[in-house]
Amino acid sequence: MTEQSTTGRANQKLRTHNAIVQAAAELSRTGREVTMPEIAKAALVSEATAYRHFPDLASLLREAIAGQLPTPAEALESVADSTDPVVRVAAATEFLLRHVLTRQGVVRAMIAATVARSADARARPGLRFGLIDHALAPLVDTLGSDHPALAQLHRDLAVVVSAEALFNLTDLYQLAAEDALASIVSTATTLTRAFVRDNAG
């Protein structure tokens, strides 16, 4: 095999790889169900070819959406001037949940792909922990990062401010999306308000 043909094959492989990633990225923005067959169809390749480039759906989606997520500061720009943790947590919760609703196909796919393999869960791309950290930054500044009750608040919010909580309310409780969102914002702000009352008042 000549060097030129080797280079040509490498370039074709790269183009195919990029086409699969691009198709996954575009599909993830639609909110529709995201599966490997759908991605392969959009990329104009076979499902077998897609799997030759990516061992599973989770690894493909991690690469596809890596550059799509805003930073916590960008996400919470609307409350950048506020030091009220209740206001900041409300904004963080609403931002995350609206992001999930807009892209729930890919969010559901990532949860499904990692929930059965706990070792992969930490590699799941997401906004939740960064948003919570950024929202509570004023409390960290005043109380210190090692404050035990603040660590507990972080954990409490991680349970509430989540796609899983949203899907629990919409899928199992059959709440409308806006009602589910309002319920979670209310819970997150209640937790934060109670913390401020007991620890930072």
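Just so you know, all these numbers are worked out from the coordinates, no wet-lab data involved. Quick caveat, the model's predicted, so the values are computed rather than measured. For neighbour counting, all protein chains shown are included, and Cβ atoms are generated from backbone atoms with ideal geometry for every residue, glycine included.
Annotations for the structure displayed:
- With the charge dipole of the chain set up from +1 on Lys and Arg Cβ and -1 on Asp and Glu Cβ about the Cα centre, the Cα lying farthest toward the positive end among the listed residues L27, T192, A149 is that of L27.
- At R0 = 45 Å, FRET efficiency that the Cβ-Cβ distance of A182 and K13 yields, to 0.05: 0.40
- With the largest listed first and rounded to whole Å, the semi-axes of the equivalent ellipsoid of the chain from the Cα gyration tensor are 39, 19, 14.
- Radius ratio Rg over Rh of segment 1-72, counting only Cα atoms, Kirkwood formula for Rh: 1.06
- E26/V159 FRET efficiency (R0 35 Å; Cβ-Cβ; nearest 0.05): 0.65
- Proximal charge balance of T30 [Cβ under 12 Å; K/R count +1, D/E count -1]: 0
- Relative contact order (percent, whole number), the chain, Cα cutoff 8 Å, 6+ residue spacing: 22
- Electrostatic tally near R103: other residues with Cβ closer than 11 Å to its Cβ, Lys and Arg +1, Asp and Glu -1, net +4.
- Full extension of the chain segment joining R193 with S82 gains 38.5 nm, where the gain is 0.36 nm per residue of separation less the Cα-Cα distance.
- Equivalent ellipsoid semi-axes - Cα gyration tensor, segment 69-180, angstrom: 25, 17, 14
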